[in-house]
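The values are calculated or read from the model by the stated rules, or taken from the named source; none is laboratory data. What you are looking at is a predicted structure, and each value in this text was computed from that prediction instead of being measured. Note that each Cβ is placed from the backbone with ideal geometry, even for glycine, and that neighbours are counted across all protein chains shown.
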Amino acid sequence: MAYLQPADYPNYGLPTGTTADWITSATALINSYCRRPDLNVIQYTERLRLTSGVQTVRLSYLPLAPLGTASTPLVSIEGRYGRPRRGEILNEPLMEIACAFSLPGQWTALDPNSVDYDPNTGELTLPWNVMGLPYNEVSVMYTAGLATVGDDVKSACAQIVRNAQSTPALNASKTKIDTMQMLYFSSSLVDETVQAWLRPYIANRLG
């Protein structure tokens with residue numbers, strides 16, 4: 001969904017006659033720069049490895065936000081105590097017992113309400129499993145994004161449109177008349193001001 005609507009144009013310094021294709025292109029560039037499909041609240045799934053001896057993990061997409069009428073952004077969580085890497089065995093006797101019962105490698109569903117989370121940093125604190133062993137891998141399905149697109153994102157969208165409209169020739173890095181293709185320097189469109197507005201929404205990891 002475009003981050004600016006026609007009614008917003010005068011408030012963010014755009015002419016009322018600005019066509020939708022400018023806004024659509026700016027919205028796509030914002031999503032690409034932030035390395036995510038959308039800044040609105042949508043669902044993500046991540047599978048993450050925990051550091052040995054630590055029961056916290058940080059999600060990539062922020063801020064965490066419930067979707068619709070949901071009470072929590074954590075849709076479902078599974079954890080497992082996989083076979084540890086070399087040097088990660090904290091309690092060897094307990095590990096031997098766990099192996100006897102084939103515990104390593106089994107995924108266990110966790111109650112999302114038992115997991116503490118910070119919506120702004122995306123940090124989750126997991127409970128220990130039934131045998132007192134720490135989980136070292138977790139699969140999380142969650143929702144994140146902006147329930148309401150704020151002034152920072154709207155201003156960034158408008159600034160990108162202004163940058164593209166003001167000096168289009170300087171943005172062109174390569175043209176091919178035969179195929180009607182034009183490549184642009186995104187860095188000249190996403191300037192330092194736009195980068196500052198979008199910094200809180202950049203995904204922590206690629207992918």
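Couple of notes before you dig in:
- Verdict on residue 203 being modelled with pLDDT of 50 or more, farther than 27 Å from residue 15 by Cβ and surrounded by 11 or more Cβ atoms within 10 Å (Cβ to Cβ): yes
- Leading residue by the ranking (surrounded by the most Cβ atoms within 10 Å (Cβ to Cβ)) among those in segment 132-151 that are modelled with pLDDT of 90 or more and farther than 19 Å from residue 37 by Cβ: 138
- Segment 29-52 - residue that is touching an Asp or Glu at 6+ places or on another chain (Cβ under 8 Å) and assigned to a loop (DSSP other than H, G, I, E, B) and, of those, nearest to residue 147 (Cα to Cα): 50
- Scanning segment 6-57 for residues that are in contact with a helix residue (DSSP H, G or I) (Cβ under 8 Å, 6 or more places away or on another chain), surrounded by fewer than 15 Cβ atoms within 10 Å (Cβ to Cβ), within 30 Å of residue 73 (Cα to Cα) and of a type in the set (Val, Ile, Thr) returns no hits.
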